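Undergrad: Mind having a look at this structure? Questions to follow.
The values are calculated or read from the model by the stated rules, or taken from the named source; none is laboratory data. Fair warning: this is a prediction, and the values are worked out from it, not measured in the lab. All Cβ positions, glycine included, derive from the backbone under ideal geometry; neighbour counts span all protein chains shown. With ligands, DNA and RNA removed, areas are computed over all heavy atoms of the protein, side chains included. Shrake-Rupley method; radii C 1.70, N 1.55, O 1.52, S 1.80 Å.
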Amino acid sequence: MKILFKIFSTLISLTLPFFLLMGSIRILLNPFFLDYEYNQPGFPADEFGFTTADRLKWGKLSLIYLTNNESDDYLGTLKFDNGSPLYNERELSHMLDVRLLVKAALKAWYGVILFLIVMMLFYWRTQRMRQYWKAFSYGGWLT
């Protein structure tokens, strides 16, 4: 049983950096972050001439695409007022690659969250919470 707890503690410590990193990334993948950033004093103007309102509109649509369940060609349907596409083919291909990576990373993150919760319950039921928090602490150090 001691070996089992050592293995679990090691896994907790090793998964914590990924948990923390993806938690930070998930915060950045929210539209409210764009609102916050683009409205900071001194935020640089867009070199292509987009207004802040334009940047927020297109940025939010593009950001939401990374995490929603729209079809993969959703970004290809976005057009400027003059009818020209927002993204060219190379950019669409890149955004699809980014979307696949983001979705895979988020699925792994949800799995890690579930693992950490199950481990917390396991350690709690076996009255070894101190050992759980120690593994968490080592994971923080590793991060």
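Undergrad: If R₀ is 22 angstrom, what is the calculated FRET efficiency for the pair ALA45 and LEU78, using the beta carbon separation as r and rounding to 0.05? Walk me through the numbers before you get to the answer.
TA: Numbers: r = 22 Å, r/R0 = 1.01.
Taking R0 as 22 Å, the efficiency between ALA45 and LEU78 is 0.50.
Undergrad: State the dimensionless ratio Rg/Rh of the range 19-105 (Rg: radius of gyration of Cα atoms; Rh: Kirkwood radius).
TA: Numbers: Rg = 13.9 Å, Rh = 14.2 Å.
Radius of gyration relative to Kirkwood radius: 0.98.
Undergrad: Which of MET120, LEU63, LEU75 sits closest to the plus end of the dipole of the chain, meaning its Cα is farthest towards the positive end, when Lys and Arg get +1 and Asp and Glu get -1 on the C-beta?
TA: So the residue furthest toward the plus end is MET120.
Undergrad: Size of the dipole of the range 1-65 about the Cα centre, Lys and Arg at +1 and Asp and Glu at -1 on the beta carbon, nothing else charged, in debye to 20?
TA: Details: 6 positive and 5 negative charges, 114 e Å.
Taking the Cα centre of the range 1-65 as origin, the dipole is about 540 debye.
Undergrad: Angle between the Cα long axis of helix 89-125 and the longest principal axis of the chain, 0 to 90 degrees, nearest 10?
TA: Around 20 degrees separate the two axes.
Undergrad: What is the local net charge at PHE80, summed over the other residues whose Cβ is closer than 15 Å to its Cβ (Lys, Arg +1; Asp, Glu -1)? Can you show the working numbers first?
TA: Values: positive: ARG55, LYS57, LYS79; negative: ASP46, ASP54, ASP81, GLU91.
Around PHE80, the surrounding residues sum to -1.
Undergrad: For the range 72-143, divide the Cα radius of gyration by the Kirkwood radius and give the resulting Rg/Rh value with two decimals. Don't skip to the end; give the middle numbers.
TA: On the way: Rg = 21.4 Å, Rh = 15.8 Å.
Value, to two decimals: 1.35.
Undergrad: Can you give the Rg to Rh ratio for the range 1-69, taking only C-alpha atoms and Rh from Kirkwood?
TA: Details: Rg = 19.4 Å, Rh = 15.0 Å.
Using only Cα positions, Rg/Rh for the range 1-69 is 1.29.
Undergrad: State the percentage of accessible surface on the chain attributable to carbon and sulfur atoms; use a 1.4 Å probe and exclude ligands, DNA and RNA. Walk me through the numbers on the way to the answer.
TA: Values: 6320 of 9800 Å².
The computed percentage sits at 64.
Undergrad: On average, how much accessible surface per residue is there in the chain, in Å², for a 1.4 Å probe, leaving out ligands, DNA and RNA? It would help to have the intermediate numbers written out before the result.
TA: Values: 9800 Å² over 143 residues.
Here the per-residue accessible area is 69 Å².
Undergrad: Next question. What is the dipole size for the chain, taken about its Cα centre, with +1 at each Lys and Arg Cβ and -1 at each Asp and Glu Cβ, in debye to the nearest 20? Could the numbers behind the result be given before it?
TA: On the way: 15 positive and 12 negative charges, 288 e Å.
The calculated dipole for the chain is roughly 1380 debye.
Undergrad: Using packing as a proxy for protection, rank 43-55, 8-20 so that the peptide with the highest average count of other Cβ atoms within 10 Å comes first.
TA: Working: 43-55: 10.5, 8-20: 17.7.
My ranking of the peptides, most packed first, is 8-20, 43-55.
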